[in-house]
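Participant: Okay, handing you the structure first.
The values are calculated or read from the model by the stated rules, or taken from the named source; none is laboratory data. Note that the structure is a prediction, hence the values are computed from the model and not measured. Heads up, the Cβs are rebuilt from the backbone with ideal geometry, glycines too, and the neighbour counts pull from every protein chain shown. Surface accessibility is based on the protein's heavy atoms, side chains included, excluding ligands, DNA and RNA. Shrake-Rupley method; radii C 1.70, N 1.55, O 1.52, S 1.80 Å.
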Amino acid sequence: MQKQRFALLALPFLIAAAPSNDAAALRDAALKDDTAWKITEALTTEIGPRLAGSEQEARAREWAVAKLKSLGFKNVRIETFDIPGWERGEERGAIVAPYPQPLALTALGNSGATPPEGIEAPLVAFPNVAALQAAPAEQVRGKIVYVGNEMHAAQDGSSYGYFGAVRRSVPSIASQKGALAAVIRGLGTDSHRVPHTGITNFEAGVTPIAAAALSNPDADQIERIVAQGKPITLRLLITPRRTGTRQSGNVIAEVPGSDPSAGIVAIGGHLDSWDLGTGAIDDAAGVAITAAAAKQIMDAGRPRRTIRVIWFGSEEIGGNGGQAYFDRHKSEPHAAVGESDFGADRVWRFETKLNPAAAPLTARLEAVLAPLGITKGNGKASAGADLGPWVRAGTNGIDLDQDGLRYFDVHHTADDTLDKIDPDQLAQNVAAWTAMLAIVANAPEALVESRD
Ligand code: ZN
Ligand code: ZN
């Protein structure tokens with residue numbers, strides 16, 4: 001407590017004398033900063049849903065350029081790329097037999113469409129992907145496939161990684177076996193009739209069929225009837241459409257460093273969102289946290305390394321923005337990368353994947369992050385969907401892992417709205433990112449791996 005008061009008292013003098021790069025002082029100042037909240041509030045209020053390739057996503061880019069310039073960032077620009085467009089249509093479903101009831105469902109991204117009058121067909125249920133994979137085509141042909149999952153809340157979100165295969169691959173496998181449509185238990189940990197969307201992938205050459213996620217209570221209903229051994233008939237009307245090639249883009253902003261040879265520290269989140277909610281936790285919070293932290297460093301004086309803030313486009317449909325950034329910038333020296341894309345709850349652990357020259361960073365990060373309640377992980381940083389390609393190519397990666405216990409209650413649903421964000425936990429994120437940047441952007445070590 002005393003130490004913190006000293007830091008606050010000392011800060012104005014340090015700023016007057018010389019720019020302060022003291023990581024602990026910057027960390028503590030960031031705890032009181034509401035820049036991230038203001039960005040999140042404005043993006044969700046003034047733009048709202050930002051589906052990849054949509055007019056809304058394009059508006060979000062223009063909005064982002066103006067916002068980042070007004071915050072004082074340099075070299076603010078948009079880098080565009082093309083994506084395959086898809087947009088939602090009507091979506092309705094019901095159990096026709098044995099117990100007629102409406103179903104709460106939503107189409108998965110990339111879903112094909114039913115005919116405009118809908119379909120009515122028998123349901124065939126499988127407990128998991130492997131059981132569907134093993135089923136003979138005769139068991140599936142002409143039917144609607146159902147597959148459940150046992151996703152539960154986990155602090156590290158690992159349950160999503162494991163059961164994600166249900167959403168990603170069930171519709172493609174079902175189509176290959178001649179199914180008319182596929183419905184899954186959505187990947188969510190809530191008990192509300194608010195279904196969770198997300199991307200599904202049809203393998204090359206496979207006809208996209210209608211694919212939808214049921215809310216947990218609706219999936220429970222299906223599974224209770226399956227357990228009774230009664231034949232089930234469903235009616236589905238799902239009419240999304242592929243819109244051809246659309247433009248998306250990444251928005252990039254910089255805090256120029258004093259030593260161009262020291263490499264770039266690239267951080268960010270994704271600007272696109274699913275279309276059902278306003279993309280507050282996924283991922284307005286992530287773009288806001290990373291920009292607010294970079295601004296803290298910028299306002300304290302020039303860092304050694306350039307900090308590049310990237311607000312990626314089209315993450316939700318397959319990390320297209322991340323791949324476009326890597327392809328375009330892979331020859332530029334990057335010292336380290338980090339991504340915020342897991343909501344807005346507090347950071348509880350940090351993970352690193354560091355080259356030998358960067359190893360001394362770990363102890364300094366541990367010391368500056370521990371006062372925020374953040375513990376050292378197991379050295380398994382991956383940097384997420386958008387900056388992951390850099391870590392896989394050998395660039396230093398630092399993850400600030402957020403608490404995921406609440407994340408999948410609202411992830412990819414109409415309930416992903418600003419009110420789900422706790423301003424104090426959001427500020428803790430900014431403090432953690434600020435402290436991390438203060439260490440990494442100013443580290444005296446040579447962090448850029450020479451690649452021959
Ligand atoms: Zn995300
Ligand atoms: Zn997402």
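Participant: Here is a check on your reading of the model: is residue 362 touching a residue at least 24 places away in the same chain (Cβ under 8 Å) and either of a type in the set (Val, Ile, Thr) or not assigned by TED's automatic domain parsing to the domain that holds residue 42 (or both)? Even if it seems obvious, please write down each step before you answer.
Facilitator: Working: touching a residue at least 24 places away in the same chain (Cβ under 8 Å): no; either of a type in the set (Val, Ile, Thr) or not assigned by TED's automatic domain parsing to the domain that holds residue 42 (or both): yes.
For residue 362, the condition - touching a residue at least 24 places away in the same chain (Cβ under 8 Å) and either of a type in the set (Val, Ile, Thr) or not assigned by TED's automatic domain parsing to the domain that holds residue 42 (or both) - is not met.
Listed here are the residues, each with its yes/no results for (1) open to solvent by 50 Å² or more (accessible area, probe 1.4 Å); (2) under 27 Å from residue 432 (Cβ atoms); (3) at pLDDT 95 or above.
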site	(1), (2), (3)
3	yes, yes, no
24	no, yes, yes
47	no, yes, yes
51	no, no, yes
60	no, yes, yes
74	yes, yes, yes
87	yes, no, yes
90	yes, no, yes
97	no, no, yes
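Participant: Only residues that are within 16 Å of ligand 1 (Cβ to nearest atom) and either open to solvent by less than 10 Å² (accessible area, probe 1.4 Å) or of a type in the set (A, V, I, L, M) (or both): list them for region 370-401, please.
Facilitator: Result: 383, 385, 386, 387, 388, 400.
Participant: Which of (1) out of contact with any helix residue (DSSP H, G or I) (no Cβ under 9 Å at 6 or more places or on another chain); (2) within 16 Å of ligand 2 (Cβ to nearest atom) is the odd one out, the single condition residue 261 does not satisfy?
Facilitator: That leaves (2) as the condition not met.
Participant: Exactly one of (1) touching a helix residue (DSSP H, G or I) at 6+ places or on another chain (Cβ under 6 Å); (2) of a type in the set (S, T, N, Q); (3) without any contact (Cβ under 8 Å) to a residue 60 or more places away in the chain is unmet by residue 207. Its number?
Facilitator: (3)
Participant: Do you know which of the residues in region 321-350 that are closer than 18 Å to residue 377 by Cα and open to solvent by less than 10 Å² (accessible area, probe 1.4 Å) is nearest to ligand 1 (Cβ to nearest atom)?
Facilitator: 340
Participant: Open to solvent by 30 Å² or more (accessible area, probe 1.4 Å) and either in contact with a strand residue (DSSP E or B) (Cβ under 9 Å, 6 or more places away or on another chain) or assigned to a loop (DSSP other than H, G, I, E, B) (or both): does that describe residue 141?
Facilitator: Taking the combined requirement at face value, the residue satisfies it.
Participant: Which ones in region 280-312 are among the small types (Gly, Ala, Ser) and either part of a strand (DSSP E or B) or away from ligand 2 (no atom under 16 Å from the Cβ) (or both)?
Facilitator: Narrowing region 280-312 to residues among the small types (Gly, Ala, Ser): 280, 284-286, 288, 291-294, 300-301.
Residues satisfying the conditions are 291, 292, 293, 294, 300, 301.
Participant: Ok, one more. When you look at residue 318, is it open to solvent by less than 40 Å² (accessible area, probe 1.4 Å) and not assigned by TED's automatic domain parsing to the domain that holds residue 186, yes or no?
Facilitator: No, not satisfied.
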